[in-house]
Amino acid sequence: MYRLLCPNLTVESLFEIDLDALACQGIRGVIFDLDNTIIPWDSREMDATIVVWLEDVLARGFKVAIVSNNWRSRVREIAARFGLPFVSRAYKPAKTGFRRALAELGLEPGDAVVVGDQLFTDVLGGNRMGLMTIWVKPLTAREFIGTRIHRRFERLAVRLLKARGLMK
Ligand SMILES: [Mg+2]
């Protein structure tokens, strides 16, 4: 169980992700969480630096999709800016949304990475699906009430993972 909560990589920000290294490892697709991963939870505006970074990910030839637990209208709006396939109301950590995204991208689980800010949705769901997982620090401290409750368990999970030597 603990291993399923353990990300393959933990980063402070998206910009720390080594895209060359991912490509070398055979990763061809990136499945992004939306809220607090590429856009602040309470905002409709993406940071310009993240827009540029995302354009770079696409320019490098990575296939990209968004899998979010949020409502369709919000997810569609952001996905449309980049012409990306998306799954909304994904009920992560359920596998269904990831499976649909992989089908859209024409990739197998071993070909793609999940990038998200929550252990109990993005990382757990991605690991269950057999995807590589990258846990990124949330863009803002402001969050959905359900997420704030999740964070308490997230902190506990991190303590347990560290105690077992599964996370640095
Ligand atoms: Mg999120």
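Every number in this text was worked out from the coordinates using simple rules, so none of it is lab data. Because the structure is a prediction, the values reported are computed rather than measured. Note: ideal-geometry Cβ built from the backbone for every residue, glycine included; neighbour counts use all protein chains shown.
Taking segment 5-57 as the range and being among the acidic types (Asp, Glu), exposed (fewer than 15 other Cβ atoms within 10 Å of the Cβ) and outside any loop (DSSP other than H, G, I, E, B) as the test, the residues that pass are Glu16, Asp20, Glu55, Asp56.
Which members of segment 18-37 meet the condition of being within 16 Å of the ligand (Cβ to nearest atom), among the hydrophobic types (A, V, I, L, M, F, W, C) and in contact (Cβ under 8 Å) with a residue 60 or more places away in the chain? Scanning segment 18-37 gives Val30, Ile31, Phe32.
Which residues, taken from segment 119-135, are more than 8 Å from the chain's Cα centre (by Cα) and either buried (at least 22 other Cβ atoms within 10 Å of the Cβ) or not in a loop (DSSP other than H, G, I, E, B) (or both)? If you could, list the steps in order and put the result at the bottom.
Initially, segment 119-135 is screened for residues more than 8 Å from the chain's Cα centre (by Cα), giving 119-121, 124-132.
Across segment 119-135, the qualifying residues are Leu119, Phe120, Thr121, Leu124, Gly125, Gly126, Asn127, Arg128, Met129, Leu131, Met132.
Inside segment 21-46, residues that are over 18 Å from Asn69 (Cβ atoms) and out of contact with any helix residue (DSSP H, G or I) (no Cβ under 9 Å at 6 or more places or on another chain) make up a count of 6.
When segment 58-83 is limited to residues that are hydrophobic (A, V, I, L, M, F, W, C) and either under 12 Å from Gly29 (Cα atoms) or touching a Cys at 6+ places or on another chain (Cβ under 7 Å) (or both), the one that is nearest to the ligand (Cβ to nearest atom) turns out to be Ile66. The residue pairs whose first member lies in segment 136-159 and is closer than 16 Å to Thr10 by Cβ, whose second member is surrounded by fewer than 16 Cβ atoms within 10 Å (Cβ to Cβ), and whose beta carbons are closer than 6 Å, counting only pairs six or more residues apart or on different chains, are Val136/Val11; Lys137/Glu12.
Determine whether Arg152 is surrounded by fewer than 17 Cβ atoms within 10 Å (Cβ to Cβ), basic (Lys, Arg) and either under 19 Å from Asp42 (Cα atoms) or touching a Phe, Trp or Tyr at 6+ places or on another chain (Cβ under 6 Å) (or both).
Details: surrounded by fewer than 17 Cβ atoms within 10 Å (Cβ to Cβ): yes; basic (Lys, Arg): yes; either under 19 Å from Asp42 (Cα atoms) or touching a Phe, Trp or Tyr at 6+ places or on another chain (Cβ under 6 Å) (or both): no.
Considered against the rule, which asks whether it is surrounded by fewer than 17 Cβ atoms within 10 Å (Cβ to Cβ), basic (Lys, Arg) and either under 19 Å from Asp42 (Cα atoms) or touching a Phe, Trp or Tyr at 6+ places or on another chain (Cβ under 6 Å) (or both), Arg152 comes out as no.
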